1. Can you tell me the mean projection area, over all orientations, of the convex hull of the chain's alpha carbons? Units nm², please.
2. Need the full-extension length gain, Thr13 to Gln27, defined as separation in residues times 0.36 nm minus the C-alpha distance. One decimal, nm.
3. List the longest stretch of the chain that has no exposed loop site; here a site is one of the GluC sites (Glu not before Pro) assigned by DSSP to anything other than H, G, I, E or B, with at most 13 other Cβ within 10 Å.
4. Suppose every Lys and Arg Cβ carries +1 and every Asp and Glu Cβ carries -1, with no other charges. What dipole size does the chain come out with about its Cα centre, to the nearest 20 debye?
5. With a sphere of radius 11 Å drawn around the Cβ of Glu7, what net charge do the other residues whose Cβ falls strictly inside it have (Lys, Arg +1; Asp, Glu -1)?
6. All other residues with a Cβ under 10 Å from the Cβ of Phe47 taken together, and with Lys, Arg as +1 and Asp, Glu as -1, what is their net charge?
7. May I ask you to sort Phe47, Phe127 by Cβ crowding, counting other Cβ atoms within 10 Å and putting the fewest first?
8. Relative to the longest principal axis of the C-alpha atoms of the chain, give the angle of the C-alpha long axis of helix 12-29, reported between 0 and 90° and rounded to the nearest 10°.
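Computed from the coordinates by the stated procedures, all read-outs in this text should not be read as laboratory data. Values in this document were obtained by computation on a predicted structure and should not be read as measured data. Note that we place each Cβ from the backbone using ideal geometry, even for glycine, and neighbour counts take in every protein chain shown.
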Amino acid sequence: MRDDLDEILLNETEIQRRLNELAGEIQRDYAGRDLMLVGVLTGSVMFIADLLRRLPMPLRLDYIGVSSYHGATRSTGELIVTKALKLDVRGRDVLVVDDILDTGLTLAKIREMIQKLGPRSLKFAVFLEKDVPHQDNFQADYVGFHIPNKFVVGYGLDYQERYRNLPYVGTLKPSVYESDRPVL
Ligand code: XMP
């Protein structure tokens, strides 16, 4: 294990196995529907890429960019749209795909924004759901894994924009947060 990591919570094998199950559920639920996946930038990139290759059905793909925090480990209430949707969601079955459901603030806002655009249906798939109370009682429709309330990195998730490329999910050693040195 890398020496800046404290523990590995989810390894590559268990992630890939769970993705097979999730993709199977999504494929069954959306058979014959007009599926449009909307990935939330940037953290969902790995999750959505792995899901996509397991969904051999007609679908559309778009991304929405939002920014809810800036380098810190906590979300704030502010949400800035950094990339608007390109495709029309009206009348389509939209499945928003995100990396992690923490407070639920981000996805509750995204739900509000997309709902106004008149989709036929609107559901949410998250790779991880943290064991914390969610804003607005936000419920995801598909959850990869439930995890304890710890700050995690890897598989798309970052600390100060690093670690997204790890193919597994882990926590960082406290020394990484305490250090003034740039993250390697
Ligand atoms: P909320 O609280 O709005 O947060 O549900 C969702 C967004 O906050 C970021 N986030 C994390 N990012 N490790 C990360 O790298 C974490 O443990 C973590 N918890 C929340 C993330 O951008 C997510 O989309």
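1. Over every viewing direction, the Cα hull of the chain projects on average to 10.4 nm².
2. On the way: separation 14, 0.36 × 14 = 5.04 nm, distance 2.13 nm.
In short, 2.9 nm is gained.
3. Details: sites that count: Glu78, Glu161.
That would be 79-160.
4. The calculation lands at about 680 debye.
5. +1
6. -3
7. Fewest to most other Cβ atoms nearby, the residues stand as Phe47, Phe127.
8. Computed tilt is about 20 degrees.
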